[in-house]
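Chemist: I have a structure I would like to understand better, so I am pasting it below and will then ask my questions one at a time.
The values are calculated or read from the model by the stated rules, or taken from the named source; none is laboratory data. Keep in mind that this is a model prediction, so the values were computed, not measured. We place every Cβ from the backbone using ideal geometry, glycine too, and count neighbours over all the protein chains shown. Ligands, DNA and RNA are excluded from the accessible area calculation, which covers all protein heavy atoms including side chains. Shrake-Rupley method; radii C 1.70, N 1.55, O 1.52, S 1.80 Å.
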Amino acid sequence: MIIRSKAPLRLSLGGGGTDVSPYCDEFGGSILNSTISMYAYASIQPLYDDRIIFEAIDIGKRFSCQATDYIEPVGELALLKGIYNRIVRDFNNGEPLSFKLTTHVDAPPGSGLGSSSTLVVAVIGAFVEWLGLPLGEYEIAHLAYEIERLDLGFAGGKQDQYAATFGGFNFMEFYANDKVIVNPLRIKPEIVDELEYRIVLYYTGTSRLSSRIIEAQVKNVQSREKVSIEAMHKLKEQAYLMKEALLKGKIEEIGVLLDYGWQHKKVMANGITNEVIEEIYETAKKAGAIGGKISGAGGGGYMMLFCEPEKRFKVMEALEKFGGEFRDYHFTNFGLRTWIVR
């Protein structure tokens, strides 16, 4: 028997960064995002020889040990070790499990598509299926958040775990005391198709350590940096405007709103943009892109570029000199999925 799961990566269309504490605790955060057809996968094969094996086949990393109730979550594959520790502690009465866990993700670490958090959701989903755990969507997403942010101390926000678990287009609200409200959006299929056709997904060829950028963002809020906080207010406003534009089918406004958000996002913290990103963005705009942004915290990874349909390929041609890659994708309407292969 093999237990499998997959969870989709996401694109943040508005409000990115306002899901990070302490901003959302004090002011409330709002984000509009959608999942896409790129996934994190997890497979659990139960073993009966008192071994634990972790294997991340996309990055060529492997870890094994004797079955134990706790694995020090350090070094390579710390994320998988942290998930195991929490599952054993909270859901298996502290008793060790014996299994092989195999994972891979369709995007590299630091891509800006929420790959790490999505992987956590996928792995938790596989354990939920295997052990028959009574966890709903909100509980799975919150558990993923706690493992990453509290147990392991990785800096970041909350949107990625909820996007991966729920899937589809969602308007998310974040408040103090870890209160999160996920509002699914009913967007007309033709609007989704048009959005998909106009947004070019471009991998810059560089990844980044998002935690450093997020830590700088957190410090700016804590030290009451007026420019940074005002930028976050504008991004929250952008999320509301983006929601209205999508629900009403105001396609032309979406590119403008992406550009509006990007101009404000850049001043939230140092490291969000750099000379290369700025050159790519300006080149795309000169070739006909209306707006866009770096996906995720910034500094590298994937860029979204909103184009007029007839200028889509001109934009792609203009960016070829930077050596990045264009990625085909589709928006998805589902989140975490699990199944068993017997």
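Chemist: Quick one: in segment 176-189, which of the residues that are part of a loop (DSSP other than H, G, I, E, B) and under 19 Å from the mean Cα position of the chain (by Cα) is surrounded by the most Cβ atoms within 10 Å (Cβ to Cβ)?
Modeler: Only one residue tops the list, namely 178.
Chemist: Quick one: count up the residues across segment 233-252 that are at pLDDT below 95 and in contact with a Leu (Cβ under 9 Å, 6 or more places away or on another chain).
Modeler: 1
Chemist: Continuing with this model, one more query. Six or more apart or on different chains, Cβ atoms under 8 Å: show the pairs whose first residue is in segment 82-111 and assigned by the TED database to the domain that holds residue 38 and whose second is assigned to a loop (DSSP other than H, G, I, E, B) and of a type in the set (Lys, Arg).
Modeler: Matching pairs, first to second residue: 110/208.
Chemist: Give the residue, chosen from 215, 237, 253, that is in a helix (DSSP H, G or I), surrounded by 15 or more Cβ atoms within 10 Å (Cβ to Cβ) and free of Cβ contacts under 8 Å to residues at least 12 places away in the same chain.
Modeler: 237 is the lone residue from the list that is in a helix (DSSP H, G or I), surrounded by 15 or more Cβ atoms within 10 Å (Cβ to Cβ) and free of Cβ contacts under 8 Å to residues at least 12 places away in the same chain.
Chemist: Looking only at segment 57-87, count every residue that is part of a helix (DSSP H, G or I) and over 22 Å from residue 146 (Cα atoms) and tell me the total.
Modeler: 0
Chemist: So which residues in segment 45-57 are open to solvent by 70 Å² or more (accessible area, probe 1.4 Å) and under 28 Å from the mean Cα position of the chain (by Cα), if there are any at all?
Modeler: Scanning segment 45-57 gives 45, 57.
Residue-by-condition table, conditions (1) within 12 Å of the chain's Cα centre (by Cα); (2) closer than 29 Å to residue 304 by Cα; (3) assigned to a loop (DSSP other than H, G, I, E, B):
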| site | (1), (2), (3) |
| --- | --- |
| 90 | no, no, no |
| 94 | no, no, yes |
| 110 | yes, yes, yes |
| 138 | no, yes, no |
| 171 | no, yes, no |
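Chemist: Residue by residue through segment 123-133, note down the ones that are surrounded by fewer than 18 Cβ atoms within 10 Å (Cβ to Cβ) and in a helix (DSSP H, G or I).
Modeler: Passing the criteria: only 131.
Chemist: Looking only at segment 21-43, which residues are outside any strand (DSSP E or B) and open to solvent by 10 Å² or more (accessible area, probe 1.4 Å)?
Modeler: Listed by number, the residues that qualify are 21, 22, 25, 26, 27.
Chemist: I've got another one for you. Could you list, in sequence order, the residues of segment 58-81 that are under 29 Å from the mean Cα position of the chain (by Cα), open to solvent by less than 60 Å² (accessible area, probe 1.4 Å) and in contact (Cβ under 8 Å) with a residue 24 or more places away in the chain?
Modeler: Selection gives 73, 78, 79, 80, 81.
Chemist: Spot the failing condition for residue 288; the list is (1) under 23 Å from residue 34 (Cβ atoms); (2) more than 18 Å from the chain's Cα centre (by Cα), and only one is missed.
Modeler: Failing condition for residue 288: (1).
Chemist: Quickly run through segment 256-281 and pick out the residues that are of a type in the set (A, V, I, L, M), open to solvent by less than 70 Å² (accessible area, probe 1.4 Å) and outside any helix (DSSP H, G or I). Talk me through it step by step, then tell me what you get.
Modeler: Going residue by residue through segment 256-281, those that are of a type in the set (A, V, I, L, M) are 256-258, 267-269, 272, 276-277, 280.
Next cut, open to solvent by less than 70 Å² (accessible area, probe 1.4 Å) only: 257-258, 268-269, 272, 277, 280.
Of everything in segment 256-281, those that are of a type in the set (A, V, I, L, M), open to solvent by less than 70 Å² (accessible area, probe 1.4 Å) and outside any helix (DSSP H, G or I) turn out to be 268, 269, 272.
Chemist: Could I ask something else about it? Inside segment 134-165, can you point out the residues that are surrounded by fewer than 24 Cβ atoms within 10 Å (Cβ to Cβ) and over 27 Å from residue 216 (Cα atoms)?
Modeler: Scanning segment 134-165 gives 134, 135, 136, 137, 138, 139.
Chemist: Among the listed residues 306, 322, 313, which satisfies the condition of being surrounded by fewer than 23 Cβ atoms within 10 Å (Cβ to Cβ), in contact with a helix residue (DSSP H, G or I) (Cβ under 9 Å, 6 or more places away or on another chain) and of a type in the set (A, V, I, L, M, F, W, C)?
Modeler: Working: 306 fails: surrounded by fewer than 23 Cβ atoms within 10 Å (Cβ to Cβ); 313 fails: in contact with a helix residue (DSSP H, G or I) (Cβ under 9 Å, 6 or more places away or on another chain).
Only one candidate passes the filter, namely 322.
Chemist: Any residue at all in segment 4-12 that's open to solvent by 10 Å² or more (accessible area, probe 1.4 Å), modelled with pLDDT of 95 or more, assigned to a loop (DSSP other than H, G, I, E, B) and not hydroxyl-bearing (Ser, Thr, Tyr)?
Modeler: For segment 4-12, residues open to solvent by 10 Å² or more (accessible area, probe 1.4 Å), modelled with pLDDT of 95 or more, assigned to a loop (DSSP other than H, G, I, E, B) and not hydroxyl-bearing (Ser, Thr, Tyr): absent.
Chemist: Being within 30 Å of residue 318 (Cβ to Cβ), of a type in the set (A, V, I, L, M), assigned to a helix (DSSP H, G or I) and touching a Phe, Trp or Tyr at 6+ places or on another chain (Cβ under 7 Å): is that true of residue 192 here?
Modeler: Judged against the criteria, residue 192 is a match.
Chemist: Can you say whether residue 119 is surrounded by 24 or more Cβ atoms within 10 Å (Cβ to Cβ), in contact (Cβ under 8 Å) with a residue 60 or more places away in the chain, touching a Lys or Arg at 6+ places or on another chain (Cβ under 8 Å) and of a type in the set (A, V, I, L, M), as far as the supplied structure shows?
Modeler: On the way: surrounded by 24 or more Cβ atoms within 10 Å (Cβ to Cβ): yes; in contact (Cβ under 8 Å) with a residue 60 or more places away in the chain: yes; touching a Lys or Arg at 6+ places or on another chain (Cβ under 8 Å): no; of a type in the set (A, V, I, L, M): yes.
So residue 119 fails the test.
Chemist: Checking residue 200 against (1) assigned to a helix (DSSP H, G or I); (2) in contact with a Leu (Cβ under 8 Å, 6 or more places away or on another chain): exactly one of these is not met. Which one?
Modeler: Just one mismatch for residue 200, condition (1).
Chemist: Go through segment 305-331 and give me each residue that's touching a Ser or Thr at 6+ places or on another chain (Cβ under 6 Å) and not in a helix (DSSP H, G or I).
Modeler: Residues satisfying the conditions are 324, 329, 330, 331.
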